[in-house]
Amino acid sequence: MRTHFKPITRLRVRDMRHYLFFITLLLGGLQATAQAEVFERTLSNGLKVIVKEDHRAPVVVQQIWYKAGSMDERSGVTGIAHVLEHLMFKGTRSVPMGEFSKRIAAAGGRENAFTSYDYTAYFQQLHKSKLPLAMQLESDRMHNLNLTATEFAKEIKVVMEERRLRTDDAAHALLQEKMMAAIYQEHPYRHPIIGWMSDLESLAVGDAKAWYDQWYTPNNATLVIAGDVKADEVFELAKRYYGKIPNRAISTRRNFTEPAQVGVKRMVVKAPAELPYLVMSYHVPTLKNPAQDWKPYALEILAGVLDGNESARLNKHLVREQQIASGTGAGYDATSRGPSLFTLEATPSEGKTANDVEAALRKEITQLVKDGVSEDELKRVKAQVTAGEVYKRDSVFYQAMQIGQMESVGLTHHAIPVMLEKLQMVTAEQVRQVAEEFLRDDSLTVAVLDPQPLSGKPKRPPQGATHAH
């Protein structure tokens, strides 16, 4: 998932002197919102329950987060976390197959699930009066899931087709998959969340049962409830529906330490596509101590300086002024259980090559390291980060998401207001320092999409993807 604090909302203020006023105003409101009306309790079976009260509308969100993602898989069974996510909708002893979704829909709600490298989560959003229904259904499948060979055989075909459509036949996704496999030598982030096709072809229902038994236990889960509720009533409901589920010992997780990269890596992926595409990914640290760390926050601001809005450097220089690229981007995720990457990307304009955009991106980094970041840029990005968080917290669902993510990567929800405050403390010199320290060739992987002909269309001229600078 993308970073929780990436400045995706564009705040337009006519006069630069107003930025500090907006930052102060918005930050004060954000901290009050983040700290107020959040309650937590751990049940006797180890299930952590967190409640975020928000009484603006009669809506409630239930999310159950399991600290089990694709990074916990072993070689040979990649994709099993995502496969089990599908199978969780196949029914239990008391809820027939298909009934879960039907009952939520009949109550006027919506539900779904998602799997990541770090966790798997399931959610329902519905009227506050229907929270007992959602809890009854979700707690039931935490320990009563029906897993049959027949349904597994059907669902694995669905997952394999999903892989074909979303990865094998999607050029940018295919590039991303092969790039991750090249970037990481040991860490399981090198494996795709959906799994390698050869593994999917050999998985059996016993693999799904083993995964379910290993990780789907209350003491490996966080229950997040957000919306128009009272915390004490939610805790009583949670105790009634989840409290009697027995817990199990959680397997010791291996701590992967990715070896330091010792030189630039380069790769070219050929796939049917309209245009070439270039990605430059650098190894960077993640947030471990929210109150003490500063480099992850500076990397967040660096991403905003390069790609926070239409006036950010990459869009301004490469797209609008030089017209070398038709699109650019920069991204960084500060929060994850494993290592992270700082990524630059660009699509060459017509008549330009992957070499051209790589050279232009390198020039931007060199210039930033040499000249630093202006105070105006810094103020603008900080205002955008803060405003983005304010606007996103209009969503009860997002509030729950943020809490669940923080808990699942080991930071806890108490880090949320600290992280925003620390972002505002980043200096221009710190942004320059992290660019100098981390955006260097020894930790860089360059991946280029070499577009192959689409049906009936000629291939563009070669893009010269192997030139170093």
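For the criterion of being over 22 Å from His86 (Cα atoms), polar (S, T, N, Q) and in contact (Cβ under 8 Å) with a residue 40 or more places away in the chain, Gln176 passes.
Output the number of residues of the stretch 64-97 satisfying the condition of being among the polar types (S, T, N, Q) and under 14 Å from Leu147 (Cα atoms). Give the steps one after another, and end with the answer.
The initial filter retains those residues of the stretch 64-97 that are among the polar types (S, T, N, Q), namely 70, 75, 78, 92, 94.
Filter once more, keeping what is under 14 Å from Leu147 (Cα atoms): 92, 94.
So the count comes out to 2.
Counting the residues of the stretch 237-283 that are part of a helix (DSSP H, G or I) and not basic (Lys, Arg) gives 4. Count of the stretch 184-218 residues, restricted to those that are in contact with a Pro (Cβ under 9 Å, 6 or more places away or on another chain) and surrounded by 17 or more Cβ atoms within 10 Å (Cβ to Cβ), is 5.
Among the residues examined, Gly109 does not qualify as more than 24 Å from the chain's Cα centre (by Cα), within 18 Å of Thr217 (Cα to Cα) and without any contact (Cβ under 8 Å) to a residue 60 or more places away in the chain.
Quick one: is Gly331 closer than 24 Å to Gly410 by Cβ, outside any loop (DSSP other than H, G, I, E, B) and of a type in the set (Gly, Ala, Ser)? Let's see the steps before the verdict.
Values: closer than 24 Å to Gly410 by Cβ: yes; outside any loop (DSSP other than H, G, I, E, B): yes; of a type in the set (Gly, Ala, Ser): yes.
Yes: the conditions hold for Gly331.
What pairs come up if the first residue lies in the stretch 381-393 and is within 11 Å of Gly308 (Cβ to Cβ), the second is at pLDDT 85 or above and of a type in the set (Gly, Ala, Ser), and their beta carbons are under 9 Å apart, counting only those six or more places apart or on different chains? Qualifying pairs under 9 Å: Val381/Ala303; Val381/Gly304; Val381/Ala312; Lys382/Gly304; Gln384/Gly304; Val385/Gly304.
For first residues located in the stretch 309-326 and touching a residue at least 40 places away in the same chain (Cβ under 8 Å) and acidic (Asp, Glu), partners that are assigned to a helix (DSSP H, G or I) and surrounded by fewer than 19 Cβ atoms within 10 Å (Cβ to Cβ) and lie 6+ apart or on another chain with Cβ distances below 9 Å form the pairs Glu310/Lys316; Glu310/Arg320. Any residue at all in the stretch 302-321 that is assigned to a loop (DSSP other than H, G, I, E, B) and among the charged types (D, E, K, R)? Checked the stretch 302-321: at least one residue is assigned to a loop (DSSP other than H, G, I, E, B) and among the charged types (D, E, K, R).
When the residues of the stretch 336-354 are narrowed to those that are of a type outside the set (Lys, Arg) and over 18 Å from Asn315 (Cβ atoms), which ends up surrounded by the most Cβ atoms within 10 Å (Cβ to Cβ)? For the stretch 336-354, the residue satisfying everything is Ala354. Listed by first and then second residue, the pairs linking a residue in the stretch 43-66 that is within 18 Å of Gln124 (Cβ to Cβ) and of a type in the set (Gly, Ala, Ser) to a residue that is assigned to a strand (DSSP E or B) and at pLDDT 95 or above, with Cβ atoms under 9 Å apart and 6 or more places separating them unless they lie on different chains, are Ala57/Gly227.
Residues of the stretch 160-197 being assigned to a loop (DSSP other than H, G, I, E, B) and either closer than 19 Å to Leu449 by Cβ or not assigned by TED's automatic domain parsing to the domain that holds Phe114 (or both), which ones? Can you show your working first?
Taking the stretch 160-197 as the starting set, the residues that turn out to be assigned to a loop (DSSP other than H, G, I, E, B) are 169-170, 184-187, 191-196.
Correct list: Asp169, Ala170, Pro192.
When restricted to residues that are in a loop (DSSP other than H, G, I, E, B) and more than 18 Å from Glu407 (Cβ to Cβ), the stretch 113-147 contains 3. Within the stretch 244-259, work out how many residues are farther than 26 Å from Tyr189 by Cβ and touching a His at 6+ places or on another chain (Cβ under 7 Å). So the answer is 1. In the stretch 412-456, the qualifying residues are those that are closer than 14 Å to Pro296 by Cβ and either among the small types (Gly, Ala, Ser) or touching a Pro at 6+ places or on another chain (Cβ under 6 Å) (or both), and the one that is surrounded by the fewest Cβ atoms within 10 Å (Cβ to Cβ) is Val418. Tyr391 meets the conditions (1) buried (at least 22 other Cβ atoms within 10 Å of the Cβ); (2) within 30 Å of Ile50 (Cα to Cα); (3) not hydrophobic (A, V, I, L, M, F, W, C) in every case but one. The failed one is (1). Here are the criteria: (1) touching an Asp or Glu at 6+ places or on another chain (Cβ under 6 Å); (2) farther than 25 Å from Asn247 by Cα; (3) not in a helix (DSSP H, G or I). Tell me which single one Ile104 does not satisfy. The failed condition is (3).
Specify which of the listed residues (Pro259, Pro348, Pro272, Pro276) is within 24 Å of the chain's Cα centre (by Cα) and in contact (Cβ under 8 Å) with a residue 60 or more places away in the chain. Reasoning before the result, please.
On the way: Pro348 fails: within 24 Å of the chain's Cα centre (by Cα); Pro272 fails: within 24 Å of the chain's Cα centre (by Cα); Pro276 fails: within 24 Å of the chain's Cα centre (by Cα).
It is Pro259.
Checked against the criterion of being closer than 30 Å to Leu165 by Cα and either surrounded by fewer than 21 Cβ atoms within 10 Å (Cβ to Cβ) or out of contact with any helix residue (DSSP H, G or I) (no Cβ under 6 Å at 6 or more places or on another chain) (or both), the candidates Gly327, Gly263 yield just one match: Gly327.
The values are calculated or read from the model by the stated rules, or taken from the named source; none is laboratory data. Quantities reported herein were computed from a predicted structural model and do not represent experimental measurements. So basically every Cβ, Gly included, is an ideal-geometry build from the backbone, and we count neighbours across all protein chains shown.
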